[in-house]
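Here's the structure, in structure tokens; my notes come after.
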Amino acid sequence: MPIDAMSGTLLRSAIALVPVSALLAYSVAAVVQRRTVPSMLQLVGAACLVLVVFTHVAEALHLFPTMRWGEPDSLGHYLDLSSAVLGVTFVPIGYILERRARPRGGLGSSA
């Protein structure tokens with residue numbers, strides 16, 4: 001992989017780490033505060049998304065070359081893919097379930 005491609009992948013990974021870390025921090029706070037199944041789902045999903053970012057960092061820095069990052073049909077590819085699918089699935093499911101479980105207290109309520 002050329003140096004320019006490596007630095008581009010590393011830069012994109014570093015940029016992606018910011019919102020994913022914020023999501024992870026929010027999920028940890030939700031688990032500590034509520035300890036519900038939906039908040040646990042969000043935490044697992046956020047951890048999977050952090051793993052996706054770390055796999056891209058490892059690919060850019062050529063860490064663990066036996067994982068063959070970026071190559072089709074490699075362990076690194078399937079780790080990245082499965083983590084992304086789980087993260088993108090668990091975070092919204094946890095959020096939706098958490099919102100449905102909360103009591104309604106909108107603008108028109110007299111609570």
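The values are calculated or read from the model by the stated rules, or taken from the named source; none is laboratory data. Computed from a predicted structure; not experimentally measured. Every residue, glycine as well, gets a Cβ built from its backbone with ideal geometry; the counts of neighbours run over all protein chains shown.
Restricting attention to the stretch 85-104, the residues that are over 15 Å from Ser27 (Cα atoms), more than 13 Å from the chain's Cα centre (by Cα) and among the aliphatic types (A, V, I, L, M) add up to 1.
Listed residues Ala25, Ala30; which is touching a Pro at 6+ places or on another chain (Cβ under 9 Å), modelled with pLDDT of 90 or more and hydrophobic (A, V, I, L, M, F, W, C)?
It is Ala30.
Scanning the stretch 66-99 for residues that are more than 14 Å from Leu49 (Cα to Cα), of a type in the set (S, T, N, Q) and assigned to a helix (DSSP H, G or I) yields a single hit, Thr66. In the condition set (1) over 27 Å from Ser7 (Cβ atoms); (2) assigned to a helix (DSSP H, G or I); (3) at pLDDT below 90; (4) not β-branched (Val, Ile, Thr), Ala58 is compliant with all but (1).
Scanning the stretch 11-46 for residues that are exposed (fewer than 14 other Cβ atoms within 10 Å of the Cβ) and not in a helix (DSSP H, G or I) yields a count of 1. When restricted to residues that are under 19 Å from the mean Cα position of the chain (by Cα) and surrounded by 18 or more Cβ atoms within 10 Å (Cβ to Cβ), the stretch 59-78 contains 4.
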